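K.L.:
One structure coming up, written as structure tokens, with questions to follow.
Please treat every number below as a calculation from the coordinates, not as lab data. Keep in mind that what you see is a predicted model, and the values were worked out from it rather than measured. With ideal geometry, Cβ positions are generated from the backbone for all residues, glycine too; neighbour counts draw on all protein chains shown.
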Amino acid sequence: MIDDLSNRLFFRLYQTANLLNKVGTRALDAEQVTTQQWSILGALSRDSAKDGMTVSQLCAYLQVSRQNMAGLLGRLEERGVITRSVDPDDLRSRRIRLTEKGAALWQTITPLIEAFYDTALSRLSYDDRVSLVHFLNILLKTMQEMDRPPAGQPNTP
């Protein structure tokens, strides 16, 4: 029999993820940015990504498959907010970078994201937020370990 508390917890995570996608995208409607695009722009806007990221690094950082990433990157490239170029460290790989237009878009959507965060987290105290991040980090680490292939088997995306 399924443990009711565990079932409720994962169902709430599922619901929350779906609503994050829906409501988060709505928060950025004016700039025609989806939550998936927002996550890519955010990842690429970090100081540690100033030289760009490979597709593999971006997939690992965002915990998404290459198949999901391909379409997203294509749409962002068509829009002129990212560039894809051959990675000088690995000629088989592509390095993704924000363009000037992409950096400007990130600056435009940052206040919208901050307003979204303020509203979404308004019922949580600072300590609640710290605790939530702590527990989500534990769950994430456990699930990342579950995602690794058994010893001796190749890792398939």
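K.L.:
Sticking with the crude label model, points 7 Å out along Cα→Cβ, report the distance from S56 to A120 in nm, one decimal please.
P.N.:
Here the answer is 3.0 nm between the modelled labels.
K.L.:
Residues with beta-carbon under 11 Å from that of L73, excluding L73: net charge, scoring Lys, Arg +1 and Asp, Glu -1?
P.N.:
On the way: positive: R66, R75, R79, R84, R94; negative: E77, E78.
Residues close to L73 contribute a combined charge of +3.
K.L.:
What do you get for Rg/Rh of the stretch 1-108 when both radii come from the Cα atoms and Rh is the Kirkwood radius?
P.N.:
1.07
K.L.:
Based on DSSP H assignment, which helices of the chain show an axial Cα extent of at least 27 Å together with a mean Kyte-Doolittle hydropathy greater than or equal to -0.5? Walk me through the numbers before you get to the answer.
P.N.:
Numbers: long enough: 4-27 (33 Å, -0.27); 100-120 (30 Å, 0.11); 126-147 (31 Å, -0.03).
Result, helices passing both filters: 4-27, 100-120, 126-147.
K.L.:
Would you list which lysines come within 17 Å of K101, measuring only between C-alpha atoms, while excluding same-chain residues fewer than 8 positions from it?
P.N.:
The reachable lysines, counting only those whose Cα sits under 17 Å from K101, are K50.
K.L.:
Which shape class applies to the stretch 38-157: rounded if a/c is under 1.5, otherwise prolate when a/b exceeds b/c and oblate if not, where a ≥ b ≥ c are the square roots of the Cα gyration tensor eigenvalues?
P.N.:
Taking the square roots of the gyration eigenvalues as a ≥ b ≥ c, the stretch 38-157 is oblate.
K.L.:
Moving to a separate point now. Say the dipole of the chain comes from +1 at the beta carbon of Lys and Arg and -1 at that of Asp and Glu; which of S125, L72, G24 then lies farthest toward its positive end?
P.N.:
Sorting the options by dipole projection puts first L72.
K.L.:
Could you pull out the longest piece of the chain with no exposed loop trypsin sites (Lys or Arg not before Pro) in it, calling a site exposed if DSSP puts it outside H, G, I, E, B and it has at most 14 other Cβ atoms within 10 Å? Walk me through the numbers on the way to the answer.
P.N.:
On the way: sites that count: R46, K50, R123.
The longest such stretch corresponds to 51-122.
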